[in-house]
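Nothing in this text is a laboratory measurement; each read-out follows from the coordinates by a stated rule. Predicted model, so just to flag it, every value in this text is computed and none were measured. Please note: Cβ atoms are built from the backbone with ideal geometry, for glycine as well, and neighbour counts cover all protein chains shown.
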Amino acid sequence: MVDFIKRDKDDIYAKPILGFLFKNQKFIMTLKIVVAFIFFYAIYFGFTHQGKDNTFTWAVFWGIFWSLFMVVTLPTLGRVFCGICPHGFLGKYITKFGLKKKMPKWMQNQYIGVFILVIGWWGIYYMFPGIYRTPFGTAMMFLVMTILAFIIYFIYRDMSYCKYICPIGTLTRAYAKLSFTWLGSYKSACNECKTFECATACQHNLKPFTFDGRNSMTDCTLCMDCSAACEAISFKVKKPSFSLFSKFQILKAEVWTFILILAAIPISMAFHHGLGRSKVASDMIWAKTAEYFKGFIDFGSVDAVGLFAFLYAMLFTIIAATLGMYIASKILQKDYKKTFYDLGYSYAPLFILGSIAHSLESFFTRGYDRIIEGFAFGFGFGKVDIASLASRGDKWLAVFGILKWIAIIWALIILYKRMKLIDSTKLRKTLAFPFAALLVIFFLGVNSYRSYILDTYGRASRGTHGSHSSHAMKSTDSNHSKNINILSKSTKPLDTVYFSDKKPTPVSRMGHSGAHMMGTRDRSKVPSKKVWLVTDPLDDTKCVHNTIGKFFATDIDNNLVEVKLNQKSCTSISFKMPKSGYYKVYYLLETPHSINVAKYEYKRFDHSAEAIYEKEKMSAKTIQEIPFDILQLRAEDETFYSRPHSGDVLKFKVIKNGVAQSGVNISLTTQFGWQKNLKTDANGIAKIQLIQDYLPKWNKFNKRFKENFLVVATYTEDSKKYKASFSGIFTPPREAYSSYSYGFVITLIIIILLSGAIYLYRYRLQKPFKEVHFDD
Amino acid sequence: MIKKIKHFINYADLRKFRFWLQLFFFVFFIYGGYLAIDLGREIPVFSCGYNHETAGTCYFMPLQHQLARPWETLFSAASIGVLTSFLVFLLWFIVFNKAWCGYACPMGTLQDWITSFRKFLGIPYSTYNDTQYKSLKKIKYIFLIIVIIFPLLIGLGLLDGEWRGAFCDMCPARVITPMFVGDFSQWSIDFSTKTAIFLSSFGLIFTALFFVGSFIKKRFFCFFCPMSAMHYIFSDTALLKLKKDGDKCTKCGDCYNVCDMQIKDIADDVQSTNILRDDCILCLKCVAACPEDDALHVDLVNYPIFKSTKGGFAKRMEMDTWEKKNDS
């Protein structure tokens, strides 16, 4: 035993505040007493207030202890949860006065605790959802566990309850391996030690001075009794999960804890709560199995779907783990069991980090307020109403999503490091790696599949959240229809009508002009576009309703496709754009004396490899259904990326009944009112150079501003009037906002300045030769 | 036979080999588009996508765009694409390790040519002193943070979308590489927004720095290159490795003297076997300059493919001609 030791820099005991928190025995004692008091008070409270108004019991057990405090501290600080656990705290005193019997061999089995947790708690949880949710159920369970714990403490020695029976004992022991803290000792002092105070002080009968050498803290619960007994005990900050990077005595139950907990919590949850809440929940295998068995067995109040989701999760997870490891062991030419348990430690981060994400998210969305409210209620402050820190769907909560990825990467790193410890060739190790990582891949796959299903098929609407949003939708809908009634009007056969991709909406009402209808952003769906048939000038568009004309739409191969026509009060048409290319929409109103056509063309492309701009395929084409058509001819260097700018020359070709028509009146009007009129030439082509009339103040300038233009072609032949419209957009040219001269000048100035500075610097370094005279 | 090949490689004139290989890769990456070569968007060198004829785009460009997705999308299944392009990047990288910098990077090659030009003019080059070296080498990690964190902040909604390609806007490769296919459009300042002005002028300032810096300092920009930092993070996984046998090293300092990146460890460190440092561009000049048998060697999956040899050193230094001169 030593009274003083010079502590290393990374020793937490040497740190100003942390050192106090972890080392000061009076503080630790006070903390343990407070925690024990809250624990028993919460149990008592659960029995006296069995109604729903008892938020206190929930707050203590399900708000703080499990899972928030435990999962947050386990992979960071380590088993500090055990350090302040009321069972262990009181158990120490009970053991002292107890019978001190040796625990029988069959009970010295870590699997007991693991199975109580996985089957007794999670299995029951999925079978009877809600059983532990009542304050009474919670209090009863914890009371039973407490009595059981105290009896075992009383009979057996060495805190055997913590080691073998406690449902979370093995779990904490296993996951604490990820933490960055380490209880060890200073070798310099321990080498000369003959008294072993640390070991005698330990109620768990452990030998802290051997922890460093064994590279394992075994069953240490960080109760800090040893650090009070001897100064040579250190509590250091290390690299997270560093002990997993080198060899130590493996404990099979730990590996099985990782696998079973992963199956019981994240995988089962993804099955039952994630996929189970999608619109295709009934197609999932567990739902079908449950349905099948319901024909034979009466499940009563058991949630059969939950039970089978749990069982399937177990099955799949265990298969993924064992099969992967089996193949890996064959590749490595090693004993299967040894490989399995050696590499199995790499599964550690998967559950715990994902769980942190979940716990923190629920803490911010509903845990925080319920904990405060619960404590206020429990300690007689009455009912208070606290706002939660965040609401569901807040964008920043996605931050926690990163933890899942960290978990996967971390697991792969541990696997890599543990793979290094195995004695085999590099090639075999490389080949075995993906198989050993099968469970990690499975975990990734389940998560991806879950988000894929939820993105593709959506959540089944139920609960308060869904109804709320649908309500919101309704109110905006009614807003829209109001606006539309004011804006829409019916047209005469020869009024100019054209398509717009913006819904005509007055600025004053909606705050900003037009909803963004750039096609849907959802990546899982086929992009679609919606256009409205409108009339009147470009800066004051009005919807058209009661149209009697026909609508046509074509796909990229110029084939007619069916489209969704919406004729309510504002005529709109939406079409799907599955591939990259040009899509066209036509409106045709034919009377004996007139033909009126509106045309819209949209170039859709994605960045995929299939998007190839073939000139022939992409050229402007008409369709035979349209007797009078305007084609916008492609520019020479047209690609998917090109877009007309001010200053570009646009070429339009007018086709009447399939033949190019000369002498057609063409007028192009821009959004700001500039207009150009001319006639088509002998080839039926009219060339118009776009001017730049978007000239806002500099601070309002938007280089992606889309200015609309409208081309109208009119022609009269044998007293039959032809009219066609074509709408499009153009943007400011590069020259409007970028300056070469400034760029060149700045670069040149800097080059000259730098060169000058370097020249001067070097010039000064050169010291001219100088004769030095020494006076004698 | 194998012995002959080994002898040939170990006695090769690395400078010539490197010159031609660099020239090849320069032409390949800058003009590859004319031959319709497209290696994708995950190339681990500054073969900039702003050059429309590039044979493969620098990985940072798609990376920044991918990371700038809204976080709900980024942390969902949709991001498998991010993962796959990262894996493709890693696959490219793993084979050649940092030799990408020393042999394939067009910007690195350009700097080497500027250095030769300076040599031709007879102007001496500069070096950093120890303190400058230590503080300046951190800059590349700051750039790497810009590459990775800025898009994430955009996805979170904390930063305007204008910052999406913040590093690309500041990168001299954006300005310089398109020049070689006659596109000078990047030599301009974008006045459309304040952010755009800021970023585009930074790009030009760095371009000016690039030219002046690489003129007086060998491989000036590589010192600040975030791709180099990115490489270093994954260099342990690479197949090609630069190894040193400390017992055979005499600390003569030849390797340090030829090192463009001023890496002291190459001469000083006799402990580590893996001698690749974050600044290293794996140009292998050190191996060619090493006069000791086997002290430095390049391994491909633990098989040495290029070793330092006494004979090779003597041949490269043209010792025989010197000796003849001394004799006469």
*What are the chymotrypsin sites (Phe, Trp or Tyr not before Pro) within region A:345-417 that DSSP puts in a loop, where the Cβ has at most 15 other Cβ atoms within 10 Å?*
A:Phe379, A:Phe381
*Within a 10 angstrom radius of each residue's Cβ in B:73-83, how many Cβ atoms of other chains show up on average? Whole number is fine.*
6
_Through the Karplus equation 6.51 cos²θ - 1.76 cosθ + 1.60, θ set to phi - 60°, convert the phi angles of region A:104-115 into ³J(HN,Hα) values in whole Hz; use x for Gly and Pro._
x, 4, 5, 8, 7, 9, 4, 5, 4, x, 4, 6
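For chain B, what does -39500 (n - 2.57) per DSSP helix run (n ≥ 4), summed and divided by total residues, give at 222 nm, in deg cm²/dmol to the nearest 500?
About -15000 deg cm²/dmol.
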*For A:Thr322, A:Thr496, A:Thr430, what's the fewest-to-most ordering of other Cβ within 10 Å of each Cβ?*
A:Thr430, A:Thr322, A:Thr496
*What residue among B:Gly122, B:Pro178, A:Leu275 has its Cα farthest toward the positive end of the dipole of the protein assembly as shown, where the charges are +1 on Lys, Arg and -1 on Asp, Glu, each on the Cβ?*
A:Leu275
_For a quick check: with amide H placed at 1.01 Å from N, whose amide H comes under 5 Å from B:Glu42's, ignoring anything fewer than 5 positions away on the same chain?_
B:Thr57
*When Cβ neighbours within 10 Å are restricted to other protein chains, what is their mean count per residue of peptide A:745-751?*
6
*asked:* Quick check on the exposure proxy: order A:Lys92, A:Lys105 from fewest to most C-beta atoms within 10 angstrom.
replied: A:Lys105, A:Lys92
*What shape does region B:242-316 take by its C-alpha gyration tensor, where a ≥ b ≥ c are the square roots of the eigenvalues and a/c under 1.5 counts as rounded, a/b above b/c as prolate, and the rest as oblate?*
rounded
*Grab the other residues whose beta carbon is less than 12 angstrom from that of B:Ala229, score K and R as +1, D and E as -1, and report the net.*
+3
*Summing -39500 (n - 2.57) over the DSSP H runs of n ≥ 4 in chain A and dividing by its residue number, what mean residue ellipticity at 222 nm do you reach, to the nearest 500 deg cm²/dmol?*
-12000 deg cm²/dmol
_Exposed GluC sites (Glu not before Pro) absent - longest run of chain A, DSSP non-H/G/I/E/B, at most 16 other C-beta within 10 Å_ = A:193-561
*Taking N as the number of residues in region A:679-776, what value does Rg over Cα atoms divided by 2.2 N^0.38 Å take?*
2.56
_Residue-count net charge about A:Thr669 - beta-carbon cut-off 13 Å; Lys, Arg +1, Asp, Glu -1_ = -4
*Roughly how compact is chain B, stated as its Cα Rg over 2.2 N^0.38 Å to two decimals?*
1.06
*Quick one: of the DSSP bridges fully inside the protein assembly as shown, what percent are antiparallel, nearest 5?*
90 percent
*Nearest-ten-degree value, helix A:426-436 long axis tilted from longest Cα axis of chain A*: 80 degrees
*Counting Lys and Arg as +1 and Asp and Glu as -1, each charge on the Cβ, what is the dipole of region B:242-316 about the Cα centre in debye, to the nearest 20?*
300 debye
*asked:* If I stretch the segment between A:Lys252 and A:Leu678 completely, what's the gain in nm (0.36 nm per residue apart, minus their alpha carbon distance), one decimal?
replied: 144.7 nm
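Can you list which of the trypsin sites (Lys or Arg not before Pro) found in region A:179-253 are DSSP loop residues with at most 11 other C-beta atoms within 10 Å?
Details: sites: A:Lys187, A:Lys194, A:Arg214, A:Lys236, A:Lys238, A:Lys247, A:Lys252; in loops: A:Lys194, A:Lys238, A:Lys247.
Passing sites in region A:179-253 are A:Lys194.
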*Taking A:Lys288 as the anchor, which lysines have their alpha carbon closer than 22 Å to its alpha carbon, excluding any fewer than eight residues away along the same chain?*
A:Lys279
*Tally Lys and Arg at +1 and Asp and Glu at -1 over the other residues with C-beta under 14 Å from the C-beta of A:Arg418: what net charge comes out?*
+4
*Most exposed first by the Cβ proxy, i.e. fewest other Cβ within 10 Å, how do B:Met61, A:Met107, A:Met325, A:Met141 rank?*
A:Met107, A:Met141, B:Met61, A:Met325
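Using a 10 Å cut-off around each Cβ of peptide B:199-209, what is the average number of partner chain Cβ atoms that fall inside?
For peptide B:199-209, the averaged partner shielding equals 4.
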*Here are some pairs, A:Lys247/A:Lys420; A:Lys502/A:Lys723; A:Lys207/A:Lys338; which of them have Cα atoms lying more than 20 Å apart in this structure?*
A:Lys502/A:Lys723; A:Lys207/A:Lys338
*Sort region B:142-257 into rounded, prolate or oblate with this rule: let a ≥ b ≥ c be the square roots of the eigenvalues of the Cα gyration tensor; rounded if a/c is under 1.5, and if a/c is not under 1.5, prolate when a/b is larger than b/c, oblate otherwise.*
oblate
*Quick one: what are the phi-derived ³J(HN,Hα) couplings along region B:2-10, Karplus 6.51/-1.76/1.60 with θ = phi - 60°, whole Hz, x for glycine and proline?*
4, 4, 4, 4, 4, 4, 4, 5, 5
*Give the shape of region A:313-419 as rounded, prolate or oblate, defined through the alpha-carbon gyration tensor: a ≥ b ≥ c are the square roots of its eigenvalues, a/c under 1.5 means rounded, and otherwise the shape is prolate if a/b is larger than b/c and oblate if not.*
prolate
*Mind checking the angle between helix A:135-155 and chain A's longest principal axis? C-alpha axes, 0 to 90 degrees, to the nearest 10.*
30 degrees
_When 1/r is averaged over all different Cα pairs and the result inverted, which Kirkwood radius in Å belongs to chain A?_
33.2 Å
_region A:563-716 - Rg over Rh from alpha carbon coordinates, Kirkwood radius_ = 0.97
